[in-house]
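Here's the structure, in structure tokens; my notes come after.
The values are calculated or read from the model by the stated rules, or taken from the named source; none is laboratory data. Note that the coordinates shown come from a computational prediction; the quantities given were computed from them, not determined experimentally. Don't worry about glycine lacking a Cβ; one is built from the backbone with ideal geometry, like all the others, and counts go over all protein chains shown.
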Ligand code: SF4
């Protein structure tokens, strides 16, 4: 749950980077950072805040140069503090390198222990630093500045999810996606400049043209003479590629293209499939805003029940799901959602949400709707039950906290106190996202438990502990 961005060859690189990070703010709200290069020197500014608070005119002026990379972070590995804020900058014998990472490495702890036993001293608790140390130790290089060779060496050792953007002191910008392509990374052009971004929504903001995605297992190197493409040359799992379906379900912005498909249209289709699978007699369809809106529109379209904005979100409070502390998450629901009495009073209401993780938010929503006069409340979830944690970079909680891991749908319905509850089937979700029920090309492990890349020892310990706790 992070966003990465980079621009190469633009007079306003830091300013464009700042704008691009704004468009990726939904991917991480804990820290924001930019690194720019000029005259062989990398300069960095990071802060523990939203993009708009992290930068002002003065701080952006400290980042001169025509190439810059940026990162917005939500911690899924490593603690939430400034030393873990990215992009990182490090030095090795060939110069300086900066790195920004979206995704989680599943074997980072094992490699870290090995490197520490060999004398490496880590500055952060982030899994990304493992890549940095491996790059510093790389062998068989053509020269000390062979950053591609260093990167290939490092990535041949790590497993898991990584979409990376790197910047070198000799003005190379590099984009990489892991062989499974769990996390997105896209390439755009802004006049003569190349742009890399987690999501295409950033291209729309800066008026860049979307060119293509970085392919799973591809490294693109962008320098003065243009862009070259390289292959990682190894596989890390039996199912490859395996793009994260949860990006479509919940995480990405609806105006982005993911894996070549419109996120908005995929969510709308999920809502249509949900209506076909789980119809109900009702007067109005409402959404849990914002990410539930396209699916609710789809449900309304397929069922013929009118769609209304029956819940209003305050946009001055962060997204509940990605606020890390339980106390804030608990409090946040009432802070940010309010029912519209004139829409729901006396009505049979279908409320569409895109995920139900712990159930606490849904329970409060049902209570709010009844408090506003709803006669019946029918909960519809436009994804299958989330039964397993994610180890590839989305902050689903431990299995013990996932209500669907240990309760039937009927039990969940009783807990959230809705009149009825139903989830979209796995086939329905995959058809909406991929156009086929096979699920080929996608990871849906948090719904199935079929992890496409072998988990690390620590992940397996966590899974076993969760099972034992059930
Ligand atoms: S486990 Fe779920 S959230 Fe994690 S990468 Fe797979 S589909 Fe995405």
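What to note about this one:
- The one condition in (1) out of contact with any strand residue (DSSP E or B) (no Cβ under 6 Å at 6 or more places or on another chain); (2) under 30 Å from residue 389 (Cβ atoms) that residue 19 fails to fulfil: (2)
- The set of residues in segment 370-402 being within 16 Å of the ligand (Cβ to nearest atom) and out of contact with any helix residue (DSSP H, G or I) (no Cβ under 7 Å at 6 or more places or on another chain) consists of 381, 392, 393, 397, 401, 402.
Table: residues versus (1) in contact (Cβ under 8 Å) with a residue 24 or more places away in the chain; (2) within 16 Å of the ligand (Cβ to nearest atom); (3) in the same structural domain as residue 275 (by TED's automatic domain parsing).
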| residue | (1), (2), (3) |
| --- | --- |
| 404 | yes, yes, yes |
| 408 | no, no, yes |
| 412 | yes, no, yes |
| 442 | yes, yes, yes |
| 456 | yes, yes, yes |
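- Among the residues of segment 201-215, at least one is in contact with a helix residue (DSSP H, G or I) (Cβ under 9 Å, 6 or more places away or on another chain) and within 30 Å of residue 385 (Cα to Cα).
- Residues located in segment 227-250, provided they are away from the ligand (no atom under 16 Å from the Cβ) and either modelled with pLDDT of 95 or more or surrounded by 17 or more Cβ atoms within 10 Å (Cβ to Cβ) (or both): 227, 228, 229, 230, 232
- Residue match in segment 252-264 (condition: within 15 Å of the ligand (Cβ to nearest atom), touching a strand residue (DSSP E or B) at 6+ places or on another chain (Cβ under 8 Å) and part of a helix (DSSP H, G or I)): yes
- Any hit, segment 355-364, residues being touching a residue at least 24 places away in the same chain (Cβ under 8 Å), in a loop (DSSP other than H, G, I, E, B), more than 18 Å from residue 445 (Cβ to Cβ) and away from the ligand (no atom under 16 Å from the Cβ): yes
- Residue count for segment 19-60 under the criterion of being part of a strand (DSSP E or B) and under 18 Å from the mean Cα position of the chain (by Cα): the result is 3.
- For residue 198: the one exception among (1) within 16 Å of the ligand (Cβ to nearest atom); (2) at pLDDT 95 or above; (3) over 18 Å from residue 256 (Cα atoms): (3)
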